[in-house]
1. Return yes when V268 is at pLDDT below 95, open to solvent by 20 Å² or more (accessible area, probe 1.4 Å) and within 16 Å of the ligand (Cβ to nearest atom) and no when it is not.
2. If you go through region 48-88, how many residues are part of a loop (DSSP other than H, G, I, E, B) and either open to solvent by less than 40 Å² (accessible area, probe 1.4 Å) or of a type in the set (S, T, N, Q) (or both)?
3. For region 169-201, give me each residue that is away from the ligand (no atom under 16 Å from the Cβ), among the β-branched types (V, I, T) and either part of a strand (DSSP E or B) or open to solvent by 50 Å² or more (accessible area, probe 1.4 Å) (or both).
4. Residue by residue through region 237-265, note down the ones that are near the ligand (Cβ under 8 Å from one of its atoms) and either of a type in the set (K, R) or without any contact (Cβ under 8 Å) to a residue 12 or more places away in the chain (or both).
5. Would you mind finding the one in A204, A166 that is assigned by TED's automatic domain parsing to the domain that holds T135, part of a loop (DSSP other than H, G, I, E, B) and out of contact with any helix residue (DSSP H, G or I) (no Cβ under 7 Å at 6 or more places or on another chain)?
6. Out of L123, L117, report the one residue that is touching a residue at least 24 places away in the same chain (Cβ under 8 Å) and surrounded by 24 or more Cβ atoms within 10 Å (Cβ to Cβ).
7. For region 128-161, how many residues meet the condition of being without any contact (Cβ under 8 Å) to a residue 40 or more places away in the chain, under 20 Å from A204 (Cβ atoms) and open to solvent by 10 Å² or more (accessible area, probe 1.4 Å)?
8. When the residues of region 100-110 are filtered to those that are open to solvent by 20 Å² or more (accessible area, probe 1.4 Å) and farther than 12 Å from R40 by Cα, which remaining residue is farthest from the chain's Cα centre (by Cα)?
Amino acid sequence: MTVTDPSPATPAQTGPAPALPDAATVTDVTHWTDRLFSFRVERPKSLRFRSGEFVMIGLLKDDGKPLLRAYSIASPAWADELEFYSIKVQDGPLTSRLQHIQPGDQIILRPKPVGTLVHDALLPGKRIWFFSTGTGLAPFASLIRDPQTYEDYDQVILTHTCREVAELEYGRRLVESLSEDPLIGEMVGGKLAYYPTTTREESAKMGRITTLMEDGTLFSDLGVADFGPETDRAMVCGSLGFNSDMKALLERAGLREGANSEPAEYVVEKAFVG
Ligand code: A2P
């Protein structure tokens, strides 16, 4: 998604440097691979958001102006801290620097959450599918920890496709930890199916999820016989190509794209990639 920063340029200052606008303090950083890391920041007291939404976060550039990008909040709406899951791009304007943050550092966080990957954008259904590639997992890391997900649906299926096995690790650990979660552990039991696949390294399940849908493998693996608009709702988050291929598959199955203003059967959002 292309988002321009609406804030005016920082005016010229004399004297001590101004406090960082909308600052949030980093509490924890985990590096998963040489291309992936996650981090947490203190939650601004006034910030309310719906699980699945994104906010603008970033750092100040050398010229004192903020450099911001849209990041899905990976923690659920009830959490005390905000978690983010990010790619590291060595020449990326933001992530080349953001990857070096440490606990105690401050980032900029604009407290205006928005997004389409929210329960409000879907009509009631029986099953919900969260389809993700790469860091597109982030909004679903939030939604699989939200009690509403299990209250609203009989079955919750999270698919995550990455090139290599190590890139699945953040999601795998998160899913494994859910049964121990005091708030939602009991709700999750039996309802959540996790379906990780890789495309460029050997693993238990290989292939693009689009291929596994088209040839029926996904449905036979999960025992789903009746995928369609009466029963199924879907949220999609990944690269542009992934999103458009998924849209075509879902539309072909009879699902229609929804929005906050007009809920329907599926919603799509582009994962942050740069
Ligand atoms: P593949 O390795 O076959 O390209 P990327 O790192 O390029 O964003 O890709 C992340 C994962 O998403 C990879 O496993 C990749 O598979 C898969 N992928 C990329 N594009 C599509 C698409 N159009 N449909 C389904 N899966 C895709």
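The values are calculated or read from the model by the stated rules, or taken from the named source; none is laboratory data. Being a predicted model, the structure only gives us computed values, none of them experimental. Quick reminder, even Gly has a Cβ in these numbers, built from the backbone with ideal geometry, and neighbours come from all protein chains shown. Heavy atoms of the whole protein, side chains included, go into the accessibility calculation; ligands, DNA and RNA do not. Shrake-Rupley method; radii C 1.70, N 1.55, O 1.52, S 1.80 Å.
1. Working: at pLDDT below 95: no; open to solvent by 20 Å² or more (accessible area, probe 1.4 Å): yes; within 16 Å of the ligand (Cβ to nearest atom): yes.
Spelling it out, it is not the case that V268 is at pLDDT below 95, open to solvent by 20 Å² or more (accessible area, probe 1.4 Å) and within 16 Å of the ligand (Cβ to nearest atom).
2. First, the residues of region 48-88 that are part of a loop (DSSP other than H, G, I, E, B): 48-53, 61-65, 73-80, 88.
Restricting the remaining residues to those that are either open to solvent by less than 40 Å² (accessible area, probe 1.4 Å) or of a type in the set (S, T, N, Q) (or both) gives 49, 51-53, 64, 73-77, 79, 88.
Total meeting the criteria: 12.
3. If the condition is that a residue be away from the ligand (no atom under 16 Å from the Cβ), among the β-branched types (V, I, T) and either part of a strand (DSSP E or B) or open to solvent by 50 Å² or more (accessible area, probe 1.4 Å) (or both), then no residue fits.
4. Answer for region 237-265, where residues must be near the ligand (Cβ under 8 Å from one of its atoms) and either of a type in the set (K, R) or without any contact (Cβ under 8 Å) to a residue 12 or more places away in the chain (or both): G241, S244.
5. On the way: A166 fails: part of a loop (DSSP other than H, G, I, E, B).
Criteria check complete, one pass: A204.
6. On the way: L123 fails: surrounded by 24 or more Cβ atoms within 10 Å (Cβ to Cβ).
It is L117.
7. Adding up the residues that qualify gives 0.
8. If we filter region 100-110 for residues that are open to solvent by 20 Å² or more (accessible area, probe 1.4 Å), which is where we start, we get 100, 102-106, 110.
Still in the running and farther than 12 Å from R40 by Cα: 100, 110.
Numbers: H100: 21, R110: 17 Å.
Result: H100.
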